[in-house]
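**Student:** Could you have a look at this structure, given as structure tokens, before my questions?
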Amino acid sequence: MQALDLLLNRVSVGRLLEPAPDAAQRELMFRAALRAPDHGQLRPWRFITVDGEARARLGELFAEAQAQDPASKPEALDKARAMPLRAPLLVVVVARIAEHPKVPQEEQLLSAGCAAHSLLLATQALGFGAIWRTGALAQHPHVLAGLGLEAGEKIVGFLYVGSFEGERRTPPALQPLDFVSAWQG
């Protein structure tokens with residue numbers, strides 16, 4: 001797939017099935033993610049893969065976090081439990097934010113976001129589908145602890161990855177002039 005074609009036609013795919021990328025394909029995906037812009041060569045990211053039976057265990061972790069809300073209904077717990085089962089592979093993108101005299105924390109977070117985007121693009125280039133999800137569970141202390149995040153780390157997103165059914169949808173046409181302006185000083 002040509003780079004511009006990939007960039008112009010990237011779409012989120014919410015319905016994902018087996019198979020997931022194999023080990024060699026995953027290595028290519030992560031190699032692409034590691035090329036994200038990185039001021040100071042801090043490498044402010046890491047990735048956690050969740051597949052197989054670990055998806056059900058992640059669902060239990062989500063349900064435990066959801067259950068900490070006294071207003072949670074059983075349906076919400078069931079929904080949280082089922083979330084990781086929506087794809088054969090999840091990649092948790094983690095930003096590793098450090099104090100640095102020249103690289104602001106926001107820039108480190110954006111760099112991790114760029115790594116996530118590169119991972120999405122590589123996934124599509126390999127013929128798979130993916131969707132980037134977050135939500136309240138991405139910030140819940142129980143989930144962060146359960147996934148082993150340390151101080152200074154944040155979840156940038158849960159990338160759901162797998163094969164897609166049917167034809168990939170066409171992204172809506174957006175006009176660049178609706179989003180671009182020239183500053184005249």
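**Student:** Among the aspartates and glutamates, which fall within straight-line cross-link reach of K73, defined as a Cα-Cα distance under 20 Å, with same-chain neighbours fewer than 8 residues apart omitted?
**Tutor:** Straight-line reach from K73, under 20 Å: E60, E64.
**Student:** In debye, nearest 20, what is the charge dipole magnitude of the chain about its Cα centre with +1 on Lys and Arg Cβ and -1 on Asp and Glu Cβ, if you could check?
**Tutor:** Values: 19 positive and 20 negative charges, 31 e Å.
For the chain, the charge dipole is close to 140 debye.
**Student:** How many angstrom lie between the Cα centre of the range 102-181 and the Cα centre of the range 61-81?
**Tutor:** Each part reduced to its Cα centre gives a spacing of 24 Å.
**Student:** Which of the following values of percent of Cα pairs over 23 Å apart was calculated from the structure shown: [x] 49; [y] 46; [z] 35?
**Tutor:** Checked against the structure: label [x].
**Student:** Taking the range 22-114, which GluC sites (Glu not before Pro) meet the DSSP loop condition and have no more than 14 other C-beta atoms within 10 Å?
**Tutor:** Answer by residue number: E53, E99.
**Student:** Go ahead and set up a Gaussian network model of the chain, Cα springs under 10 Å, then flag whichever of P21, P37, P70 fluctuates most.
**Tutor:** So, out of P21, P37, P70, the one fluctuating most is P70.
**Student:** Something else: Can you list residues from other chains, or at least 5 along the same chain, whose modelled amide H is less than 5 Å from the amide H of G157?
**Tutor:** Close amide H contacts, sequence-distant or interchain: V93.
**Student:** Ok, one more. Just to confirm the filter: which trypsin sites (Lys or Arg not before Pro) across the range 67-133 are DSSP coil and have at most 13 other Cβ within 10 angstrom of their Cβ? Mind dumping the intermediate values first?
**Tutor:** Values: sites: K79, R81, R86, R96, K102, R133; in loops: K102.
Listed in order of number, the matching sites are K102.
**Student:** OK, next. Provide the per-residue ³J(HN,Hα) series for the range 4-9, in order, calculated from phi with Karplus coefficients 6.51, -1.76, 1.60 and θ = phi - 60°, each as a whole number of Hz, with x at glycine and proline positions.
**Tutor:** 5, 4, 4, 5, 6, 10
**Student:** Given an 8 Å cut-off on Cα distances and at least 6 residues of separation, report the relative contact order of the range 13-165 as a percent. Let's see the in-between values first.
**Tutor:** On the way: 276 pairs, mean separation 57.8, N = 153.
Once divided by the residue count of the range 13-165, the mean separation gives 38 percent.
**Student:** Out of the trypsin sites (Lys or Arg not before Pro) in the range 21-78, which ones are loop residues according to DSSP with at most 15 other C-beta atoms within 10 Å? Don't skip to the answer; put the middle values down first.
**Tutor:** Numbers: sites: R26, R31, R35, R46, R55, R57; in loops: R35.
Of the trypsin sites (Lys or Arg not before Pro), the ones in loops of the range 21-78 whose Cβ has at most 15 other Cβ atoms within 10 Å are R35.
**Student:** I want the local charge near E64. Using Cβ-Cβ distances under 12 Å, sum +1 for each Lys or Arg and -1 for each Asp or Glu among the other residues. Intermediate values should be presented prior to the final figure.
**Tutor:** Details: positive: R57, R81; negative: E60, D69.
Residues near E64 contribute 0 overall.
**Student:** If you plug each phi of the range 117-129 into the Karplus form 6.51 cos²θ - 1.76 cosθ + 1.60 with θ = phi - 60°, what whole-Hz ³J(HN,Hα) values come out, in order, with x for Gly and Pro?
**Tutor:** Result, ordered by residue: 5, 4, 5, 4, 5, 5, 4, 5, 4, 7, x, 9, x Hz.
No value in this document is a laboratory result; all are computed from the given coordinates. Only a predicted model underlies this, so the values are computations on that prediction, with no experimental measurement involved. Quick reminder, even Gly has a Cβ in these numbers, built from the backbone with ideal geometry, and neighbours come from all protein chains shown.
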